[in-house]
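Engineer: I am attaching a structure below and will ask some questions about it afterwards.
The values are calculated or read from the model by the stated rules, or taken from the named source; none is laboratory data. Given the structure is predicted, the values throughout are model-derived calculations rather than measurements. Methodologically, a virtual Cβ is constructed for each residue, glycine included, from the backbone with ideal geometry; neighbour enumeration extends over all protein chains shown. When the accessible area is computed, the model is the full protein with side chains, heavy atoms only, and any ligands, DNA or RNA have been set aside. Shrake-Rupley method; radii C 1.70, N 1.55, O 1.52, S 1.80 Å.
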Amino acid sequence: MTGILFIIGLISILGQVVLLRELNVASFGVELVYVLALGFWLLATALGALSARSSRTSGGVGALCMPLLLFAAFLPAAAAFARASRILLGSVPGAYLPPVEQFSTIAAALLPAGFITGYLFRRAAGFFVARGKTVAAAYSIESAGGLAGGLFSTLGLTWGLQNVALALICSLIAAAAAAAAVAAGNRGRARMLPAFVLCGIFLIALYHAPALDRTMTRWNHPSLLESRDTPYGRITITKLESQVSVFVNDALAFETEGTEAEHFAHLAALQHPRPGRILVLGGGIEGTVGELLKHGPDVIDYAELDPAMIGMVMANLSPDRQSSLVKPGVKIVAEDPRLFLQTSGHYDLILIGMPEPSSGQANRFYTLEFFKQCRDHLNPGGIVAMRLPAAENRWTPQMTERVLSIHGALSRVFANVLIIPGETTVVTASSDALPHDPQVFIDRLHGRRIDSRLVSEPFIRYLLTNDLFSEIEKLVQVRTAPVNTDARPICYQFTALLWLSKFFPSLTGLGFEDIEDLVKKNRMGIGAAAGMLLLVFFIARMRPSWSRVLLVAVAGFAGMVLETVLILRYQTLHGVLYRDLGMLITAFMLGLTAGAMTLAMAARHESPFHEPGRKWGIGLVAGLMLLGFLVVLQTGLGRFAGLAETAVLLAAAGYLVAGIFAYASLRGVPEQEKVISPLYAADLMGGCVGSVAASMILVPLLGMDITAMGMTGLSLLALILI
């Protein structure tokens, strides 16, 4: 049974990662989908655990065969459904699915597999407890399996395994476990036949996995040249006639016949009298480097986050595009752009060609701290430039406040900031004056003999003299927005509102000031809600069964919020979350395993009734309070946030959450089997709510430090339940 519990944990985490990746790509890489999908998964797992509340353990281990086989069959089918969802639901190519279809797709892909894993754990833990073991021990074994699944999902990408192959491997493990369950349960060899058949099917499919992957990718990209999953996302390259298009997580990154590179490169470079040394942070391969060479620089350093982007795309570019990237003076570096800037020299022009600040990965290139870093690497009179998607005629409140937030951060670092609005808004900043007169741009355009399909004399005059240009100049003088910083990623919230407003038009007019006004106008309501929460804690204290369920839910909520803050903080400072996410999740899972095992062993040695003392509960909740305080210090100081330090704090979070779960399951519980479903469901539901609340509400509105401090206060309240 120990092995089955381990396998359940492994396939649960590995299958979850596989489906989250597919859903993220199906939603064009919108990071919020990870949060929503994780919430759906935790909800489904909780429902699965609750559905198997019967205390009967008839059927033995062999009864797990059918749900394991169902999981094995559902997982690759769900991955294929996610990839085909836009076609099946009749979506316009390149457009988001409507909200009902989008959420239905997430639910349909995740609910079956998530439900089965919850059911499997409940049944397996019931058999385990029936043999005289504890729920805490079962939880620790399942967590150890989850640790292995998290490691394998990360190492798989490093080894070059594509997501389709990982799905088939996960299903193969589940089918093999089903056969082992039948053998352990002595249910007869005939019952092994379906398991052996599925194992054979998955082995054959695994052999043909590259072909299956290409076939499914062509559903959305008929003109496919190449596609690959990397630690940073899925890169897909298509070619139609002479046009090569590059997609990252199915969102169009660029195409070779467009003029986006010309727009950005020339409007930025024409503001400098003579840009001799230029640094391009991301996006250079789309043509930006080639356009900048027309300005005659001595050096162009180009830092690209994903090495696969350079290798895959460059091989499919036209000879002219390829030659521009290997000309003398051009240096390409495959490294995180923010880390590269720390060790680079000084430049006349720094172009931030990273994606818009819609995620923790991208937002870190638009913060106050990063702009200070850019300033320190600029020559006298140097300019930093960036681009933001917007609208040519009218800006929504979210678009406006996102630009104002970035403008506020730039204004604290540079004396001059210039915003050139358009379908793509170009923002530049410098310690010296920036040209506003279109004639300056035009004279330099002619003087450098720039040949451009888009940037011309009439185009420049239009951009710098239209009504929107003057309106934005006035707007930034009279309005402000919260400054975008590493600790408080305001742009993340604005982008979330922009994305949601595509589905719910009523949100289009909602700005940050409106949100703050809602909070101010409802302070009494917020205070009343806090009072009600306190009352709930005291009422729950009167009933041991309520008390333990609420305690586990609070621990799951606080643990997930702190985990989100730690991971987002690490991403903000280092930008290599996709590479190191597996290690960080592994640290958390290791803590879960150790926490549950520690309490199980302590209870066995401390009490003849195998109950931990009350001091364990007080100590664990106090530890959660201390952890929240340590996260506040880490966030505020901006130090001690390396991979090792973050992993230690995540392991501590996992240890405390699992320890509290084990304490609640052992303290005053004579019949272990009865508490499996309610406690496991409470843990998952708390984590589900914590994940969504932290990513969509708490961190964007309150910042990381205040959010972590709030978890310290919540943990203090949890002492009432001990």
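Engineer: Please give the helix 577-606 orientation as an angle from the longest Cα principal axis of the chain, in degrees from 0 to 90, rounded to the nearest 10.
Structural biologist: The two axes meet at around 20 degrees.
Engineer: Let me ask you something else. Quick check: the angle from helix 32-51's long axis to the longest principal axis of the chain, C-alpha only, nearest 10 degrees?
Structural biologist: The answer is roughly 10 degrees.
Engineer: List the chymotrypsin sites (Phe, Trp or Tyr not before Pro) within region 97-165 that DSSP assigns to loop and that have no more than 12 neighbouring Cβ atoms inside 10 Å.
Structural biologist: Filter output for region 97-165: Trp159.
Engineer: Tell me, what HN-Hα J-couplings in whole Hz come from the Karplus equation 6.51 cos²θ - 1.76 cosθ + 1.60 at θ = phi - 60° for each residue of region 550-565, using x for Gly and Pro?
Structural biologist: Each residue's phi maps through the Karplus curve to give 5, 4, 5, 5, 5, 5, x, 5, 5, x, 5, 5, 5, 4, 4, 4 Hz.
Engineer: Same structure again: Could you give the size of the charge dipole of region 27-185 about its Cα centre, using +1 on the Cβ of each K and R and -1 on the Cβ of each D and E, expressed in debye and rounded to the nearest 20?
Structural biologist: On the way: 8 positive and 3 negative charges, 100 e Å.
Approximately 480 debye in magnitude.
Engineer: Assigning unit charges at the beta carbon (Lys, Arg +1; Asp, Glu -1) and nothing else, what dipole magnitude in debye, to the nearest 20, does the chain show about its Cα centre?
Structural biologist: Charge dipole of the chain: 2540 debye, to the nearest 20.
Engineer: Counting only residues 5 or more places away or on other chains, whose amide H sits under 5 Å from the amide H of Ser358 once H atoms are built in the peptide plane?
Structural biologist: Asn363
Engineer: Further, regarding this structure: What spacing in nm lies between the two simple spin-label points modelled at Arg461 and Ala644, each 7 Å away from Cα in the Cβ direction?
Structural biologist: For the pair Arg461/Ala644, the computed spacing is 6.3 nm.
Engineer: On to the next question. Can you tally the lysine pairs in the chain where the Cα-Cα distance is under 26 Å and the two residues are eight or more apart, or on different chains?
Structural biologist: Lysine pairs meeting the criterion: 8.
Engineer: Name the residue farthest towards the positive end of the dipole of region 375-450 from the options Val426, Pro380, Ile450, assuming +1 on Cβ of Lys and Arg, -1 on Cβ of Asp and Glu, about the Cα centre.
Structural biologist: Ile450
Engineer: Send over a whole-number figure in Å² for the accessible area per residue of the chain, probe 1.4 Å.
Structural biologist: Heavy-atom SASA per residue in the chain reads 39 Å².
Engineer: For an R0 of 35 angstrom, estimate the FRET efficiency from the Cβ-Cβ distance between Ser470 and Lys372 and round to the nearest 0.05.
Structural biologist: For R0 = 35 Å, the calculated efficiency reads 0.75.
Engineer: I'd like the carbon and sulfur percentage of the solvent accessible area for region 310-421, probe radius 1.4 Å, heavy atoms only, ligands and nucleic acids excluded.
Structural biologist: 50
Engineer: Once fully extended, how much extra length lies between Gln477 and Ser242, figured as 0.36 nm per residue of separation less the alpha-carbon to alpha-carbon distance?
Structural biologist: 80.0 nm
Engineer: So what's the back-of-envelope 222 nm ellipticity for the chain, counting only DSSP H runs of four-plus at -39500 (n - 2.57) apiece and dividing by all residues, rounded to 500? Can you show the working numbers first?
Structural biologist: Working: 29 runs with 457 residues, N = 722.
It comes out at -21000 deg cm²/dmol, rounded to the nearest 500.
Engineer: Please report the antiparallel percentage of DSSP beta bridges with both residues in the chain, rounded to the nearest 5.
Structural biologist: In the chain, approximately 60 percent of DSSP beta bridges are antiparallel ones.
Engineer: If you don't mind, another one. For region 346-388, report the convex hull volume of the alpha-carbon atoms normalised per residue, in Å³, without decimals.
Structural biologist: Values: hull volume 2.8 nm³, N = 43.
Value for region 346-388: 65 Å³ per residue.
Engineer: If each of Leu633 and Met314 carries a label point 7 Å out from its Cα toward its Cβ, how far apart are those two points in nm?
Structural biologist: 4.5
Engineer: Okay, next question. Return a whole-number percent for the relative contact order of region 155-280, with Cα pairs under 8 Å and 6 or more residues apart as the contact set.
Structural biologist: The value is 16 percent.
Engineer: Return the sequence-ordered ³J(HN,Hα) values of region 343-354 in whole Hz as given by the Karplus equation 6.51 cos²θ - 1.76 cosθ + 1.60 applied to θ = phi - 60°, using x for Gly and Pro.
Structural biologist: 10, 8, x, 10, 9, 7, 8, 10, 9, 8, x, 6
Engineer: Further question on the same structure: Explain nothing, just the number: relative contact order of the chain, from Cα pairs under 8 Å at least 6 residues apart, as a whole percent.
Structural biologist: Result for the chain is 16 percent.
Engineer: Moving on. One quarter of the convex hull surface, Cα atoms only: what value does that give for region 95-138 in nm²?
Structural biologist: Details: hull surface 15.8 nm².
In nm², the orientation-averaged hull projection of region 95-138 is 3.9.
Engineer: Related question: Please list the equivalent ellipsoid semi-axes of the chain, computed as the square roots of five times the alpha-carbon gyration tensor eigenvalues, in descending order and whole angstrom. Intermediate values should be presented prior to the final figure.
Structural biologist: Details: eigenvalues 477, 188, 86 Å².
In descending order, the three semi-axes are 49, 31, 21 Å.
Engineer: Can you work out ³J(HN,Hα) from phi for every residue in region 711-722, in order, using Karplus 6.51 cos²θ - 1.76 cosθ + 1.60 and θ = phi - 60°, giving whole Hz and x for Gly and Pro?
Structural biologist: Values, residue by residue: 5, 5, x, 5, 5, 4, 4, 5, 4, 4, 7, 7 Hz.
Engineer: Taking the simple approach of a point 7 Å from Cα along Cα-to-Cβ for both Thr2 and Leu225, what is their distance in nm?
Structural biologist: So the two model labels end up 5.3 nm from each other.
Engineer: For Glu257, project a label point 7 Å along Cα to C-beta. Then give me every residue of region 316-356 with its amide nitrogen under 17 Å of that point.
Structural biologist: Correct set: 317-319, 321.
Engineer: Region 60-103: percent of C-alpha pairs farther apart than 14 Å?
Structural biologist: 61
Engineer: So how much slack lies between Arg412 and Val197, counting 0.36 nm per residue of separation and subtracting their Cα-Cα distance, in nm?
Structural biologist: Going from the current span to full extension adds 70.9 nm.
Engineer: Given bins 5 angstrom wide, list per bin the percent of all Cα-Cα distances in region 311-417, short to long.
Structural biologist: Cα pair-distance distribution for region 311-417, in percent: 2, 10, 18, 20, 18, 14, 11, 7, 1.
Engineer: Name the long-range amide H neighbours of Val330: under 5 Å, sequence gap of 5 or more, or other chain; modelled H, no Pro or chain starts.
Structural biologist: Sorted by chain and number, the residues that satisfy this are Ile300.
Engineer: Once you compute Rg and the Kirkwood Rh from C-alpha atoms, what is the Rg to Rh ratio for region 29-178?
Structural biologist: 1.01
Engineer: Can you find, among Leu279, Val689, Met532, the residue sitting farthest towards the positive end of the charge dipole of the chain, where Lys and Arg contribute +1 and Asp and Glu -1 at Cβ?
Structural biologist: Result: Met532, furthest along the dipole toward the positive end.
Engineer: To the nearest 0.05, what FRET efficiency results for Ala95 and Glu423 with a Förster distance of 22 Å applied to their C-beta separation?
Structural biologist: Approximately 0.80, to the nearest 0.05.
Engineer: So if R0 is 45 Å, what FRET efficiency would Val326 and Ala107 give, r being the distance between their Cβ atoms, rounded to the nearest 0.05?
Structural biologist: Given R0 = 45 Å and the Cβ-Cβ separation, E is 0.40.
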